[in-house]
RNA sequence: GGGUGCAUAGCUCAGUGGGAGAGCACUACCUUGACACGGUAGGGGCCAUAGGUUCAAAUCCUAUUGCACCCACCA
């Protein structure tokens, strides 16, 4: 318990090792329904089971842990529900990699065996990330840990699919979707990452049949011309009007295709004529539907040219492009090639260029689901923090398109639809049906596809609480209190949870969404595997401690903004932890003879005691308010400043002489205040730095065997707010600072005691200064003499004027009068500059009449203070002979 | 094409209507009975540019410039 057992340098490793297991074993994180207590609930964004904790997770979970620990201390029944995500594409890719190392492919293995491998993989690696979250200090209820593919969540997925299907909100269609040739699956529109890429505009002659004319076509993807089925021009375009209805002899392919008119064509862009390839372009697909054109597929699922591509069959799409352009050129059909930068769709997982591809897929009809999801946000039933993300959300929801939910993967929730081999009818069911719902045939085959991973995460806030059962958990904890997540998954996840919650629970999934930014590297780039610029949170925890990492991630940045990762800032956080450690070490070292049963009598409090209580009172209020506003960074900053600049720099320093030099009553009282403020401060800091605060808190005499996690959040009593004490301390601090300034300027050696003459008028703070002059003596190193009026002003003395008080530091023979004069002259000039500004304001009639009274009053008192200061410095200067 | 964010000390960033701030870096001094991962004192900024609103603007409005990001089917 005693501080002497504490090393002088804080070692996060040994401290952190002590506490997580203790918390978890004692079930301090566990929460059950308690109807008389108010719930506070956060569901954790489930990290992928493939996962390695990254800085984004560290930030996200630190923010959540702060909120949860704080609310728990406030007395809420606080549930933080953790879990992991099966992450279809990502996990399947990992398992396939593993197989590849054994020389196997998933197809060789077969679906069933492959899934066994995937589950084994999940069992082996799925816990890695949750253990890393433990290192971070995350106080989530592991008893309730869930997985998107566990029985409950899978049941919820089936139920949702069925309900949406029965409402006509899920349909299957032959449509053009985004195909990733590498992942070998369709992906949804938001999974396509559009990046501007330098490319080319190829101008190609399309000869009109039986005419010497040709239509110039500009395209960025010449290889798709092999699948062209028409050329479209804008209706009424004078250039091409006479050709509409005629046929084009499609170069190379040698097919005939019609010239048609369609509003889609922009006559201003390119050549005003567009080649139509319904099988390989979403716009052309639409045009093709309107004109009942055929769909000629020339590129297959491996991005290789099909048999329809004639002699180009079997070539990779880029190879085909190169060779085809060459051929067109040699045929004299290539007009020119221009550089052209355009947005190219890439797979967000693997960055492969997406190929628009025709296939039968499942979709969710979004419009009917979006509307109520827009309403709950507009009505304010669900609030985004920061508020600006509301627009991002609404904008997307209002322009939403149907969601392609089928994936050609094996790892995931298999689509609960069976096709009849006899009549072709679909049967949708939660349990595998034994006969066709239409013809009762037995030849049923289940749809081979699985659902988009986000389909199950969309249900997370209620599937994890027991839905579709009507559980007590759901009734008690839903809607959850707040969702904390990064701005990069507002569309992927937040939006989908909102419409799902509204649809199936008839209520918002959470009342507030706290959006934070991304963690960038020191150069402001996104941390990514390919750049190799990621910083591993576990490495940081090992070098600097989890508390430091948490503190660093939370400070020095505004809600919603991105955050750059700087090791200097991490060092700063570690130094802060060390400061706390050593301040506590000092306090604990001095508590060996402390009678913890004793209470402090307020009458015996010193000015410093009253001041530190008052400051603590304000800090507790501000920290609480900032947390209420989700302003964790500001709360942390306020605590940092209080601990370092007030508790350590002033209070502890003032406590020392009273601890060692006073009587036993003084010592006891000082011990009491030191420990009491330390206790309260640790409690305020605990949500941010859980380990170090627990460790120190339990060392305090009365806390042995209790946990800070269950301590009550500090709500200071009214008496502790003491404006007078704050004012008095401020004046004394100014006096001390000015004496120190003088000493430093005059090169007085730090150990040497100075004579400090303070001239304070009788009607002013004289008595107060006299009473607490010991503070000045200790902290400015000197002997203080306070007098109403000095008989003779010492000429061999440095001078300062502070708050209506004159300070002289006599220095026999040390004062260089001219040096002192110029120092004072500089100070006088500064004072006069300020004074002029203030007087300017006060002579302005409109300021006096329009500014609020307290602002005017403030300026008046500033003027008084400054003019007193000006006069005394001027007098002093005159005395010195200037 | 539409939208958002950012621009403040050498660096990284707070502050968002009434006295320009912090951390790091820098200068000088200090091993003072918690801490050199420390202490004390200090230097350093027309708060991007141009207008406007206001008694008062780094802070609100408009425009401009630069940087970053998001959305969008113009071949």
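The values are calculated or read from the model by the stated rules, or taken from the named source; none is laboratory data. Values in this document were obtained by computation on a predicted structure and should not be read as measured data. Don't worry about glycine lacking a Cβ; one is built from the backbone with ideal geometry, like all the others, and counts go over all protein chains shown.
Brief remarks on what is shown
- Yes/no for residue A:139 being more than 16 Å from RNA strand B (Cβ to nearest atom), under 27 Å from residue A:80 (Cβ atoms) and either outside any helix (DSSP H, G or I) or in contact with a strand residue (DSSP E or B) (Cβ under 6 Å, 6 or more places away or on another chain) (or both): yes
- Residue that is surrounded by the fewest Cβ atoms within 10 Å (Cβ to Cβ) [pool: residues in the stretch A:636-669 that are over 20 Å from residue A:604 (Cα atoms) and free of Cβ contacts under 8 Å to residues at least 24 places away in the same chain]: A:645
- Among the numbered conditions (1) out of contact with any helix residue (DSSP H, G or I) (no Cβ under 8 Å at 6 or more places or on another chain); (2) assigned to a loop (DSSP other than H, G, I, E, B); (3) buried (at least 20 other Cβ atoms within 10 Å of the Cβ), the only one that residue A:508 does not meet is (1).
- The residues in the stretch A:170-190 that are in a loop (DSSP other than H, G, I, E, B) and buried (at least 19 other Cβ atoms within 10 Å of the Cβ) can be counted, and the count is 3.
- Every condition in (1) within 11 Å of RNA strand B (Cβ to nearest atom); (2) surrounded by fewer than 22 Cβ atoms within 10 Å (Cβ to Cβ); (3) more than 16 Å from the chain's Cα centre (by Cα) is met by residue A:548 except one, and the failing one is (2).
- Considering the stretch A:641-738, the qualifying helices (runs of 4 or more DSSP H), each wholly inside and each with 1 or more residues that are out of contact with any helix residue (DSSP H, G or I) (no Cβ under 6 Å at 6 or more places or on another chain), farther than 24 Å from residue A:573 by Cα and within 11 Å of RNA strand B (Cβ to nearest atom), run over A:653-661.
- The stretch A:295-317 - residue that is out of contact with any helix residue (DSSP H, G or I) (no Cβ under 8 Å at 6 or more places or on another chain) and not in a strand (DSSP E or B) and, of those, surrounded by the fewest Cβ atoms within 10 Å (Cβ to Cβ): A:307
- Qualifying residue in the stretch A:194-209 (condition: within 30 Å of residue A:500 (Cα to Cα) and not in a strand (DSSP E or B)): no
Here's the yes/no breakdown for (1) assigned to a helix (DSSP H, G or I); (2) modelled with pLDDT of 95 or more; (3) crowded, with 18+ Cβ neighbours inside 10 Å:
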| site | (1), (2), (3) |
| --- | --- |
| A:63 | yes, yes, yes |
| A:66 | yes, yes, yes |
| A:73 | yes, yes, yes |
| A:78 | no, yes, yes |
| A:103 | no, no, no |
| A:107 | yes, no, no |
| A:121 | yes, no, yes |
| A:124 | yes, no, no |
| A:130 | yes, no, yes |
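- Selection of the stretch A:1-60 for residues being surrounded by fewer than 13 Cβ atoms within 10 Å (Cβ to Cβ) and touching a strand residue (DSSP E or B) at 6+ places or on another chain (Cβ under 6 Å) yields only A:34.
- Members of the stretch A:473-492 that are assigned to a helix (DSSP H, G or I), surrounded by fewer than 24 Cβ atoms within 10 Å (Cβ to Cβ) and modelled with pLDDT of 95 or more: A:473, A:474, A:475, A:476
- Here residue A:586 meets each of (1) touching a residue at least 24 places away in the same chain (Cβ under 8 Å); (2) farther than 18 Å from residue A:675 by Cα; (3) within 16 Å of RNA strand B (Cβ to nearest atom) with one exception, condition (2).
- Selection of the stretch A:8-21 for residues being over 13 Å from residue A:140 (Cα atoms), part of a helix (DSSP H, G or I) and in contact (Cβ under 8 Å) with a residue 24 or more places away in the chain yields A:12, A:13, A:15, A:16, A:18, A:19.
- Residue A:212 vs. criteria at pLDDT below 90, outside any strand (DSSP E or B) and within 8 Å of RNA strand B (Cβ to nearest atom): no
- Some residue of the stretch A:329-338 being buried (at least 21 other Cβ atoms within 10 Å of the Cβ) and not in a loop (DSSP other than H, G, I, E, B): no
- Looking across the stretch A:561-574 at every residue that is more than 6 Å from RNA strand B (Cβ to nearest atom) and within 16 Å of residue A:540 (Cβ to Cβ), the one that is surrounded by the most Cβ atoms within 10 Å (Cβ to Cβ) is identified as A:573.
- The set of residues in the stretch A:529-545 being within 11 Å of RNA strand B (Cβ to nearest atom) and assigned to a loop (DSSP other than H, G, I, E, B) consists of A:545 alone.
- Contacts under 8 angstrom Cβ, first residue in the stretch A:510-523 being closer than 22 Å to residue A:481 by Cβ and without any contact (Cβ under 8 Å) to a residue 60 or more places away in the chain, partner in a loop (DSSP other than H, G, I, E, B) and within 11 Å of RNA strand B (Cβ to nearest atom), 6 or more apart: A:517/A:557; A:517/A:560; A:517/A:561; A:517/A:562
A quick yes/no check of all residues on (1) within 16 Å of RNA strand B (Cβ to nearest atom); (2) at pLDDT 95 or above; (3) part of a helix (DSSP H, G or I); (4) closer than 20 Å to residue A:723 by Cβ:
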| residue | (1), (2), (3), (4) |
| --- | --- |
| A:559 | yes, no, no, no |
| A:576 | yes, yes, yes, no |
| A:582 | yes, yes, yes, no |
| A:593 | yes, no, no, no |
| A:596 | no, no, no, no |
| A:603 | no, no, yes, yes |
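- Unmet requirement for residue A:620, which otherwise passes all of (1) in contact with a helix residue (DSSP H, G or I) (Cβ under 9 Å, 6 or more places away or on another chain); (2) within 12 Å of RNA strand B (Cβ to nearest atom): (2)
- Of the residues A:349, A:321, the single one that is in a loop (DSSP other than H, G, I, E, B) and surrounded by 16 or more Cβ atoms within 10 Å (Cβ to Cβ) is A:349.
- Filtered by the rule that a residue be touching a strand residue (DSSP E or B) at 6+ places or on another chain (Cβ under 8 Å) and part of a helix (DSSP H, G or I), the stretch A:242-254 gives a lone residue, A:243.
- Of all residues in the stretch A:501-526, those satisfying the criterion of being over 15 Å from residue A:552 (Cβ atoms) and either within 12 Å of RNA strand B (Cβ to nearest atom) or touching a strand residue (DSSP E or B) at 6+ places or on another chain (Cβ under 7 Å) (or both) are A:509, A:510, A:511, A:512, A:513, A:514, A:515, A:518, A:523, A:524, A:525, A:526.
- Of residues in the stretch A:747-764 being under 19 Å from residue A:872 (Cβ atoms), out of contact with any helix residue (DSSP H, G or I) (no Cβ under 8 Å at 6 or more places or on another chain) and not in a strand (DSSP E or B), the one farthest from RNA strand B (Cβ to nearest atom): A:762
- In the set (1) surrounded by 12 or more Cβ atoms within 10 Å (Cβ to Cβ); (2) more than 46 Å from the chain's Cα centre (by Cα); (3) more than 10 Å from RNA strand B (Cβ to nearest atom), residue A:843 fails one condition alone, (1).
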